[in-house]
Amino acid sequence: MDYTYDHSALETNESTVQYRAAQVWYNPIEWLDNGYTVYVDENGNRTDTGGIPAYRFPVEDYYSNISANYVRQDTRAADNNTINAYTTYNLRLGVEKEHAFKFMAGMNQVTSKWSSHQTERSGLIDQTNPQFHLAGGVYNGDGNRNWEGQLGFFGRVNYAYADRYLLEANVRRDGSSKFPKHLRWRTFPSFSAGWVFTNEPLAQSITKVVSFGKFRASWGSIGDQSVPNTLYRAVMANATSTWLDGSNKRMPLFGTPALIDRNITWQRIETLDLGVDLRFLDNKLGVTFDWFKRDTKDMIVPGNELPVTLGTSSPKGNFGHLQTKGWEVSLDFNHRFANGVGVNATFSLSDAITTVIQGADYHKPWEVRSVYDEFSTGRRYGDIYGLVTDRLFQKEDFEYDATGKNIVRTNVIYKGTLRSTNKQTARYPVYQVQYEDGDKLVFAPGDVKFKDLDGDGYINAGSATNGDHGDLAVIGNSTPRYEYSFRIGADYKGFDISIFCQGIGKRKIWGSGQLAIPGFNAKEGAIPKAFATDYWREDRTDAFYPRAWDLGNNNTGFSMQRQSKYLLNMAYLRVKNINLGYSFQQNLINKVGLTKARLYLSLENFITFDNLRGLPVDPEAISGYSMFTSGHTYNLGRTGTGTPVFKSLSFGAQLTF
Amino acid sequence: MKLKIFSFIATCAFACASCNDVLERPSQTTAEDPEYWVNETNVRLYANAFYPNFFPGYGVGYGQTAYTPNGQYNFNDDVVVKGSQPQFSRSVPSSKGSIELTLDWESQFTGPSWNFAWVRKACVMKDRIQQLMGDKLTGEQFRHWLGIARFFHALEYARLVNVFGDVPYYSHEVHRDQLSEIYKDRSPRNEVMDSVFADFRYALQNVKQDDGAQYVNRYVVAAFVSRWALFEGSWQKYHYQNNERAKLCFNLAVEAAQVVINSDRYAIATDFRSLFGSTDLTKAKDCILYRKYDAEQGVTHCVASYCNLNSPTDMGPNLDLIKAFICNDGKDWNSTTMTAAKDFTLDSLIATRDPRFEASFYHKPTENAKSCGLYVTKFIPRSALAYLNLTGGSPAPEFQGDKNVTGYPVMRYAEVLLNWIEAKAELATLGEAAVTQADIDRSINAIRKRPLDAEAIERHVKQTAPMKLDDLNNDPKRDADVSPLLWEIRRERRMEFAFEFSRIIDLRRWKKLNYMDTDANPDLLMGTWVNFPTELPKVLNDKTVGAYRVMNAAGKLVTYNGKNANLMKGFFYPKETIGRLPFLNLPNVNPYLSPIGYNDIKNYAKEGYHLSQTKGWPEGY
């Protein structure tokens, strides 16, 4: 039995001061010294003879991103109490003590609480020493606290027969403070069984080849309660308004009460696993294979989608069910040859697919569910719906007028309104007016031509539902598939070498930001060379990317709809580690008192094979994720703008005394 | 062994005893419905959330800019944009609307999107006060806060009706099992506005006359009622020719405006420019409701920065607006007898036109106003532009970026007066009492007598002569179906509210969107008269060949080709400025009301309910 108490206290001090620097927001202004123009030579150095009038950015006092300087202190204290107690009892029965029982029962209790406090004051009088008593502005503060507790009881029975048949059964009963009283407790059982068939007397003949073999199967459930404790209460959020009252203070306010479901309870995770472990050739070669199915049931997701006339979002309830099916296989091999060379290798490959069995829209018929909803019922998670790219429009696709410079316009009736578009030479043209505006944004040579999958002569997404998705199709999946890794090593007479590689077989995403979307925003200034050297121009009609357009800070628009050709293919193989080493012989180092001495050279992440056509994006990147932030999107969700993976080379010595 | 078992059982027993305490850990720091509604302070705190949404003023920072003057109100016949003019939307969107409590808007209609979150918020307040607080509030408090709740509820519906026409009406909070309520079809406009007017009347009678500084009081309510009742009255008269209903609305507008006028608390006392560029006008007699800003509180905006003459801008006043300004003898520029008024150079315009002209624009043409040559400085105080007199100066930090702290008169007395006189004039055309000279003196002439500030007087600006009913200006360009008095009242409104909320709503309620047809009126695409050789000599040089173009006095377009600088005298008209695509009388396009998304209609149909599309847009898409 053990009892743990831990207390954490965190104090953060922060302040921002005013800068006195050149303000680069506006144009440079004439550089004047005491009212006289300053002259500089061609290198920018002040000169008294000749030269040109100098300009510089105006030097001013300003703040970086905020309106006033401030000093702030945050403190947070958290207490956790954990009690674990369990007891075990072993029992051996049978003539040869071949029936081995083990019983275990126990409980655990976790309680935690935290409180936090923050004070901020503006108007610093000493920029170099930010303190609360050296400031003259208003005080602002905040504080919060919360607490929770979990209590659980569990019991387990193990049975093994002669090390051949293994059985285990568990049961847990857990309670959490996060749910309403009548739904706090739930029971979670689990079972598993294994059969070491190589220990069977009948299997002795195959042990020369299969030196160890075990089949195993298990099914278990566990509860998840990592949700806020206010899901079943109609909370009115506290905030401050940006409206100032009569004494120039922000008005405090309480928000609209949320719509809630009063019956919220544990989310349940059930895992079914079937596996086999085999070892061959006297344990030299091992193979492990697992197939698993994991269900997350009673997931807390929003309820039926209701129209916006409700005025708020549907309350969350235990409506969701997510299922992942997957398998893993791993091999390992090691062998030492007669001449002293040793080789070892491991290889593993795994894959999983997740399907949403029941999402927020489960009550709607299948045809009406939106294809853009990631958690739509029946949707395979990560599926990307988009248009299928056919090719780029070329000059031959359009009809020109007598001068040969302007394309003839034609009118089509689309969804009841008259639209003006360019006239195509094809016998049965397909119009893409959904993405045009009749003015400047009209498809012309160099823009993308999509495939008309539903054959209605227009490219659109229909109503973007399962039953009517127009020309949309599943063009890829953003879940990483077929993860593999392998390690090969060899050693001989003290020298050793190993290479570790890891990769993903299949992953596609529609990127975000200037590194992934050509034309994302002209104001960004720079674009990757891969875009700049490979877009359609009249003298380069076989380019990969279409005619250059400014999308005005959007990830999709005009030619750049979500489509198959411009999905980023994030499959990769990365040589993560190459390790070379030399270990000195024992007799040499023992004299110096060392038991082991090894020199090594290690290269990390040096080679990456990817399919990104030269884009400066790391294939392991996830848009908007960074280890530096939690709770909000990093860098506006742009792809590839996080810290890149480090390539490093290190060498050194390992000495063991 | 026995000790182990014993201690184990003891621990379990101990834990079980405190079982209930351990798991009884509800949130300690959240306010929850319905326990929240216990006293007046709590009701006030709930109502505070409405203020930034309904009274945005200059917005906040760069992010909350909907409903802010200047940059956001460029979709009308006052503004020319360099490049293509913003277009009327001519197709039905796939979906429209959200549930977020944000300052989201439809820019073409300057009103809320298909969003009922604010309606729900107001309904919750109404329901809780009526059901739970009868015994917790005194009679006066009860009536006041119920009035406030009904006021905000009605205000949101008036704005929704402005954008969509018919909207589903909810007077109580809707629960998620009330599917027939949630999925109900749009209520007809007249039915919704009847309920809105009932709410407005209740608020007019029951909201306290004074609830503290910066809080909504009866006069704020009355001013907004006069605005929306006038709007609805014009709409009924000009779109549906329903004169009975129009009279009802105009009478309510007059009644509400009288509440403000008869209170004798307000007057036109501040000069025009200071109304927009001051930091605190809460005590001024002009302001019925004023939004303040403060850098220390972190509440700042960016609207003044766009008027600081340092940032080039793509939009600005067009020639149609410039020509609309009345000359200070009370006549329009065609009928005036002052010869100097026919000269369109900026100095002459400043000296001959209404003082609001000089207050709204910079006194020299500048190439920073890339579409028209005339830079809008209405929303920045005169002191902030003093830096232009120093060489190498730049605007003060508080007039750069989003650090501005000037305040905005969310509702000013001038609007109430103009609403009042326009409602009276419309009633006169419908057979009610005629407008008297006393009425004009109280409203339009009071505004014309607004004091001038020192800098305006230095530039020879004069107050406009008072309007006389027996000597009304007869504009040769007046529409035949608008009486001369109404024409002049509309002109006063246009001058007073240039680049503010009013123009596009006015065009829609008068059924005059044809004023925005750039093919019919070429003045809409031109800017001010610029004499490049004398006023902007440095701008024409080798690098700017082909960049500037004017339409000269003879009506010919002259583009700068490097050599004809002395011919560049005319109305500023860049070659990139292109007119608007046709939007009137197109089948299945209604530029007056917004369509709703066709996916929303389909979703209703799949559930077995019917949602109609806005009239004038194709049903079934």
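The table below gives the values:
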read-out	value
Mean separation of Cα contacts under 8 Å (6+ apart) over length of chain B, as relative contact order %	19
Overall dimensions of the protein assembly as shown as given by Cα atoms, namely Rg and Dmax in Å	37.5, 128
³J(HN,Hα) computed for each position of segment A:285-294 - Karplus, 6.51 cos²θ - 1.76 cosθ + 1.60, integer Hz, glycine/proline x	10, x, 10, 10, 9, 9, 10, 9, 9, 10
Euclidean distance between Cα centres, segment A:604-631 to segment B:514-561, Å	51
Solvent exposure ordering (accessible area, 1.4 Å, most first) of A:Y582, A:Y385	A:Y582, A:Y385
Counted charge near A:R92, where neighbours are those whose Cβ lies closer than 12 Å (Asp, Glu -1; Lys, Arg +1)	0
Rg(Cα)/(2.2 N^0.38 Å) for segment B:247-391, N = residue count	1.27
Gyration tensor (alpha-carbon) shape descriptor, chain B, a/c threshold 1.5	prolate
Heavy atoms of B:D471: accessible area, 1.4 Å probe, square angstrom to 10	100
For A:F398, residues with placed amide H under 5 Å, excluding near neighbours	A:T425
Reachable lysines from A:K647, criterion Cα separation under 19 angstrom, eight or more residues apart if same chain	A:K576
Ranking by accessible area, most exposed first, for A:M1, A:M560 with a 1.4 Å probe	A:M1, A:M560
Square roots of 5 times each gyration tensor eigenvalue, C-alpha, segment A:557-657, largest first, Å	45, 16, 8
Relative contact order [Cα under 8 Å, 6+ residues apart], segment B:46-175, whole percent	22
Listed pairs A:K405/A:K440; B:K283/B:K378; B:K342/B:K364; B:K468/B:K511; A:K493/A:K591; B:K378/B:K403 exceeding 25 Å between Cα atoms	B:K468/B:K511
Per-residue HN-Hα couplings for segment A:313-323 [Karplus 6.51, -1.76, 1.60; θ = phi - 60°; Hz; x = Gly/Pro]	7, 4, x, 7, x, 7, 9, x, 8, 10, 10
Centroid-to-centroid separation of segment A:433-503 and segment B:377-439 [C-alpha atoms, Å]	54
Intensity falloff of segment A:2-63 expressed as log10 I(q)/I(0), Debye formula with alpha-carbon point scatterers, at q = 0.25 Å⁻¹	-1.07
Convex hull of segment B:528-572 built on C-alpha atoms - directionally averaged projected area, nm²	2.7
Pairs of alpha carbons in segment A:185-229 whose separation is greater than 17 Å (percent)	56
Percent antiparallel among DSSP beta bridges (both partners in segment A:417-574, rounded to 5)	90
Across A:K449/B:K615; B:K184/B:K602; B:K121/B:K615, pairs whose alpha-carbon gap is larger than 24 Å	A:K449/B:K615; B:K121/B:K615
Accessible area in square angstrom per residue, segment A:2-63, 1.4 angstrom probe	76
Modelled FRET efficiency - R0 51 Å, B:D194 with A:A9, Cβ distances, 0.05 increments	0.25
Between segment B:445-485 and segment A:128-207, the alpha-carbon center distance in angstrom	80
Candidate residues A:F651, A:F319: accessible-area rank, largest first, probe 1.4 Å	A:F651, A:F319
Relative contact order of segment A:70-295, pairs being alpha-carbon contacts under 8 Å that are 6 or more residues apart, as %	14
Shape category assigned to segment A:345-463 from the gyration tensor of Cα positions, a/c cut at 1.5	oblate
Accessible area of A:F347 in the full protein assembly, 1.4 Å probe (Å², nearest 10)	80
A:S602 versus A:E200: modelled label distance in nm, points set 7 Å from Cα along the beta carbon direction	4.5
Selection of trypsin sites (Lys or Arg not before Pro), segment B:482-557, meeting DSSP coil and at most 13 other Cβ within 10 Å	B:K556
Global form of chain A, assessed from the alpha-carbon gyration tensor, a/c cut-off 1.5	rounded
Interface burial for A against B (accessible surface, 1.4 Å probe, total of both chains, Å², rounded to 100)	7800
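The values are calculated or read from the model by the stated rules, or taken from the named source; none is laboratory data. Please read these numbers as outputs of a predicted model, since none were measured by experiment. All Cβ positions, glycine included, derive from the backbone under ideal geometry; neighbour counts span all protein chains shown. These accessible areas exclude ligands, DNA and RNA; they are computed on the full protein's heavy atoms, side chains included. Shrake-Rupley method; radii C 1.70, N 1.55, O 1.52, S 1.80 Å.
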